[in-house]
Amino acid sequence: MLPVLLRLSFTTLWMQLLLYAAAVAVVASVAVNGWKGAPGPVDPKTDREGPATFQDKLLRAVGFAAVGGFLAYFGLKFALPADAFPGGHGEGIPLHTYGLLLALGFSTAVAVAGRLAQDEWRRVTLVPGRGWVDTEGPKKREQVMDLAFWVLVGGLVGSRVLFVLVNWQDYARDWTQAFSLGGGLVFYGGLIGAGLAAFLFARKHDLDFLRLADVCIPTVSLGQCLGRLGCFSAGCCWGDMAGSHSRLGVTFPGSGVAQDLFGRLGGASSLAFGSQAGDGRFVVEATGQVLHEWAPGAVRISDWVVQHGTTLPVYPTQLFESVGQLVLFVALLYARRFRRFHGHIFALWLMAYAVLRTTVELFRGDVERGTLHGLLESLGAQGLAGGVPLEAWYNVSTSQFISLCMFTFGALLMVRHRPAGGSAGLGPTPSAA
């Protein structure tokens, strides 16, 4: 369970009315954005988009409002009590540092992607009475804003689906828990889902997907840089045992230790603490060496964390990846001026992030993320699973396997579009100016 930074409760009439008003405002805002962003017919002679018809605007606004209303319905049902909303759960709105940083990362990435899209497709035209005006860039920026919604939906669905697949034994007993709002998410699943949504969006709006990917993919690293800080605050995606003598080791709190925004002790523990509290293996505290049987100087992991109220020192892998993602974002923005083909930046990101993620995975300690050992156990191959210890370097994780596939795809994209003789290229682009 994620530690709560602040919980908004809606037990009074005024708070309930305020939430209803906020829900209506959000749905109305979504509908207005749908109305304004409706695409018009393209003139085949000039290849320019004309103004949208009233019917097109209305249909798009209604569609957007329907999706917004659907999401608002579940939000109200979760937050409001049964006497204020039929079937309400009365959970209120818990604000987690994790969720706030994820939202900040996503919104920042979308804002930067919109600006990059405007620069990428800049087309300056002399308009009578207005002078030189960029007639194409702002439209592409609006399209990226629309794309953000579908990327968000695709990312959430994809990340949840991969989490359920990795932990399918936990959901086989009650498959309805797969739709629980309190379930986990997996970044690679979100990336695949968001990528599929972006591909379909590009096909529908006649956009070059690889060019769009070149514009948007660096901002994925920007968003993930902030998102991993959220992981650190929640104590998820933690690292392997660092040993008490390591200067890199950090500890995550148990229940009754973590405080909320007002200094009140919370009842929820960090995810890392919950995992180690149920870990029956042994560890040599000084070195961080994990053993499956007791040895001199070793203590049971679960006993140690319960006694101390915190986890054993672990590597802050969340911070490792956050810093790596920031470096990757800056490097790819610089590399955009040297693009040789559409998809060049996309291919570089696929390979670079695959290397970064695989390296970070070597220091990860959360076996819940899915590994070869866990897969063999879930398939009933206990003998084979015993031959792949959790701590073995060849106990590859699901993310490492996906990284290998992703690196291969990026390399193939680079080789396929490699300019003959090394002289061909895109030439100067508006985004490089």
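Points to keep in mind about this one:
- Over the chain, dividing the summed -39,500 (n - 2.57) contributions of all DSSP H runs of at least 4 residues by the number of residues returns a 222 nm mean residue ellipticity of -18000 deg cm²/dmol.
- For residue 203 and residue 53, the difference between the fully extended length at 0.36 nm per residue and the C-alpha to C-alpha distance is 51.8 nm.
- Potential extension, residue 24-residue 331 segment - 0.36 nm per residue separation minus Cα distance: 106.3 nm
- Taking packing as the residue-averaged number of other Cβ atoms within 10 angstrom, the listed peptides 217-226, 195-204 run from highest to lowest as 217-226, 195-204.
- Partners for residue 57 among lysines (Cα-Cα distance below 27 Å; same-chain residues under 8 apart left out): 36, 45, 139, 140, 204
- Net charge in the neighbourhood of residue 117 (other residues with Cβ under 14 Å of its Cβ; Lys, Arg +1, Asp, Glu -1) is 0.
- Taking the 1.4 Å solvent-accessible surface of the chain as the whole, the part contributed by carbon and sulfur is 66%.
- Binned Cα-Cα distances of segment 201-341, short to long, each 10 Å bin given as a whole percent: 11, 29, 24, 16, 13, 6, 0
- Annotation: extensible slack from residue 401 through residue 247 equals 52.4 nm (criterion: 0.36 nm per residue apart, minus Cα-Cα distance).
- Kirkwood-based Rg to Rh ratio, segment 37-90, C-alpha trace: 1.38
- D (Stokes-Einstein, µm²/s), Kirkwood Cα radius, the chain, 1.002 mPa s at 20 °C: 88 µm²/s
- Heavy-atom accessible area ranking, 1.4 Å probe, most first, across 188, 20, 334: 334, 20, 188
- Surface per residue (accessible, 1.4 Å probe) for the chain, Å²: 54 Å²
- A simple packing score, the average count of other Cβ atoms within 10 Å per residue, orders the peptides 358-370, 71-83, 342-354 as 342-354, 358-370, 71-83, with the highest score first.
- Shape of segment 1-140 from the C-alpha gyration tensor: prolate (a/c of 1.5 or more and a/b above b/c, with a ≥ b ≥ c the square roots of its eigenvalues).
The values are calculated or read from the model by the stated rules, or taken from the named source; none is laboratory data. Small disclaimer: the values here were computed from a predicted structure and weren't measured. With ideal geometry, Cβ positions are generated from the backbone for all residues, glycine too; neighbour counts draw on all protein chains shown. These area figures cover heavy atoms from the full protein model, side chains too; ligands, DNA and RNA do not enter into them. Shrake-Rupley method; radii C 1.70, N 1.55, O 1.52, S 1.80 Å.
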